[in-house]
């Protein structure tokens, strides 16, 4: 009987440890109601929260204290247009990657939280935008014209 309790105790501990390790490896989850996609941008893989509804896109990263490393937000639109982005209620600077059919059409780097109410528009119509911590465009090594594998 004692052996059974020991075996169950060890199994329980292993399960707890695996949940703990998985939680650390996947990083903190900021938005529980957002789908997450892993996307390779240049040389770096990022875990992106998908904002694919009007309410999610309006909220964006506003009021988020800090974006964990190698995470960001992917804004997905039903049709291509020149959507504007601003830094309302932002707590940290961003880099923005503007996409049309998975091709980078514009890049904005080091957009400061103090830039609000300025609005940042892409140079042409886009159907997706990625927001990352500032400096990530340089780290990833992407350029206008590069193609990313962003499934919709």
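The values are calculated or read from the model by the stated rules, or taken from the named source; none is laboratory data. This is a predicted model, so every value here is computed, not measured. So basically every Cβ, Gly included, is an ideal-geometry build from the backbone, and we count neighbours across all protein chains shown.
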Checklist entry - Picking from 62, 114, 51, which residue would you name as being in contact with a strand residue (DSSP E or B) (Cβ under 7 Å, 6 or more places away or on another chain) and in contact (Cβ under 8 Å) with a residue 12 or more places away in the chain? => result 51
Checklist entry - Is it true that residue 102 is within 16 Å of residue 60 (Cα to Cα), in the same structural domain as residue 38 (by TED's automatic domain parsing), under 17 Å from the mean Cα position of the chain (by Cα) and touching a residue at least 24 places away in the same chain (Cβ under 8 Å)? => result no
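Here's the yes/no breakdown for (1) exposed (fewer than 11 other Cβ atoms within 10 Å of the Cβ); (2) over 12 Å from the mean Cα position of the chain (by Cα); (3) over 29 Å from residue 106 (Cα atoms); (4) at pLDDT below 60:
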{"position": "14", "(1), (2), (3), (4)": "yes, yes, yes, yes"}
{"position": "33", "(1), (2), (3), (4)": "yes, yes, no, no"}
{"position": "39", "(1), (2), (3), (4)": "no, no, no, no"}
{"position": "48", "(1), (2), (3), (4)": "no, no, no, no"}
{"position": "52", "(1), (2), (3), (4)": "no, yes, no, no"}
{"position": "80", "(1), (2), (3), (4)": "no, yes, no, no"}
Next on the checklist: Only one of 70, 43 is at pLDDT below 95 and on the phi < 0 side of the Ramachandran plot. Can you tell me which?
Outcome noted: 43
Checklist entry - Residues in region 82-100 that are exposed (fewer than 14 other Cβ atoms within 10 Å of the Cβ) and at pLDDT 95 or above: how many? => result 2
Checklist entry - Going through region 86-121 one residue at a time, which ones are over 15 Å from residue 73 (Cβ atoms) and touching a helix residue (DSSP H, G or I) at 6+ places or on another chain (Cβ under 8 Å)? => result 107, 109
